[in-house]
Amino acid sequence: MNDLKIGDLAPDVTLPRDGGATVSLADFKGQQVVLYFYPRDDTPGCTKEATGFTQAATGFAVANTTVLGVSKDPVNKHDKFVAKHALGIALLSDENSDVCERYGTWVEKSMYGKTYMGIERATFLIAPDGKIAQIWRKVKVPGHVEAVLAAARGA
């Protein structure tokens, strides 16, 4: 697991996104980026988180902050998720878990006594200089978007 800390340079990200384009962290140099990792499209918690970030899009824009979601779901699944919930944020596809591993979010999980590998819900606020300004691990969805927006406004 990668132990990224506040002040570390954020690992580069270049991934395909919903709609078919490719997005890189380098595209956003000079502005803040919220990079949030979530387990799966169209599940209750992930939907609540994505719609929350979409509803707060104006606040993030005012704070000069772009929101990018990352999961292992393929682009076509992201497209359906975006269309179904009218999402206004970019969803990146990390099908081979490379970016998840570099951010330490591809972890062993356990449910009903069985262990498996999955994405830990986590969020990184990346400053305009490309360094990590804030990290939220093991995110609980209620209140999370508001906490990230507050940090983006104050960073």
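A short reminder: the numbers here are calculations on the coordinates, not readings from a lab. Computed from a predicted model, the values in this text were never measured in an experiment. Cβ atoms come from the backbone with ideal geometry, glycine included; neighbour counts cover every protein chain shown.
Placing dummy labels 7 Å off each Cα toward the beta-carbon, the span from Arg40 to Ala147 is 2.4 nm. For the pair Asn76 and Leu9 in one chain, pulling the backbone fully straight at 0.36 nm per residue adds 21.0 nm over the alpha carbon distance. Within the shell defined by Cβ-Cβ distances under 15 Å, the residues around Ala147 carry a net charge of +4, with Lys and Arg each +1 and Asp and Glu each -1. Can you figure out the FRET efficiency of Ala26 with Arg137, using R₀ = 25 Å and their beta-carbon distance, to the nearest 0.05? For R0 = 25 Å, the calculated efficiency reads 0.50.
As a ratio to 2.2 N^0.38 Å, the alpha-carbon radius of gyration computed for segment 66-149 takes the value 1.18. Here Lys138 is the anchor, and the lysines within straight C-alpha reach of less than 23 Å, apart from those fewer than 8 places off in the same chain, are Lys5, Lys48, Lys72, Lys109, Lys114. When both bridge partners sit in segment 1-106, DSSP labels roughly 30% of those beta bridges antiparallel. For segment 1-83, the list of trypsin sites (Lys or Arg not before Pro) that fall in a loop by DSSP and count at most 10 other C-beta atoms within 10 angstrom reads Lys5.
Once the other residues with Cβ under 14 Å from the Cβ of Leu91 are scored (Lys, Arg +1; Asp, Glu -1), what is the net sum?
My count for the surroundings of Leu91 gives -2.
Assuming charge only on the beta carbon of Lys and Arg (+1) and of Asp and Glu (-1), the dipole of the chain about its Cα centre is about 420 debye to the nearest 20. Along segment 116-124 the Karplus relation, 6.51 cos²θ - 1.76 cosθ + 1.60 evaluated at θ = phi - 60°, assigns HN-Hα couplings of 7, 8, x, 8, 7, 5, 8, 9, 10 Hz to successive residues, with x for each Gly and Pro.
Quick check on the chain: take the gyration tensor over C-alpha atoms, sort the square-rooted eigenvalues as a ≥ b ≥ c, and tell me if it's rounded (a/c under 1.5), prolate or oblate.
It comes out rounded by the Cα gyration axes.
Eigenvalues of the alpha-carbon gyration tensor of segment 1-74, scaled by 5 and square-rooted, set the equivalent ellipsoid semi-axes at 20, 17, 14 angstrom, largest first. Let me check I've understood the local charge: for Ala122, count other residues with C-beta under 11 angstrom from its C-beta, Lys and Arg +1, Asp and Glu -1. What total comes out? Here the charged neighbours net out to +2. Working from label points 7 Å from Cα in the Cα-to-Cβ sense, the Ala86 to Asp129 distance is 4.1 nm.
Just check segment 46-90 against the gyration tensor rule for me: Cα atoms, a ≥ b ≥ c as the square roots of the eigenvalues, rounded for a/c under 1.5, and otherwise prolate or oblate depending on whether a/b exceeds b/c. Prolate, because a/c is 1.5 or more and a/b exceeds b/c.
Between segment 101-124 and segment 6-66, the alpha-carbon centres lie 19 Å apart. Shape analysis of segment 64-103 places it in the oblate category; the axes a ≥ b ≥ c from the Cα gyration tensor give an a/c of at least 1.5, with a/b not above b/c.
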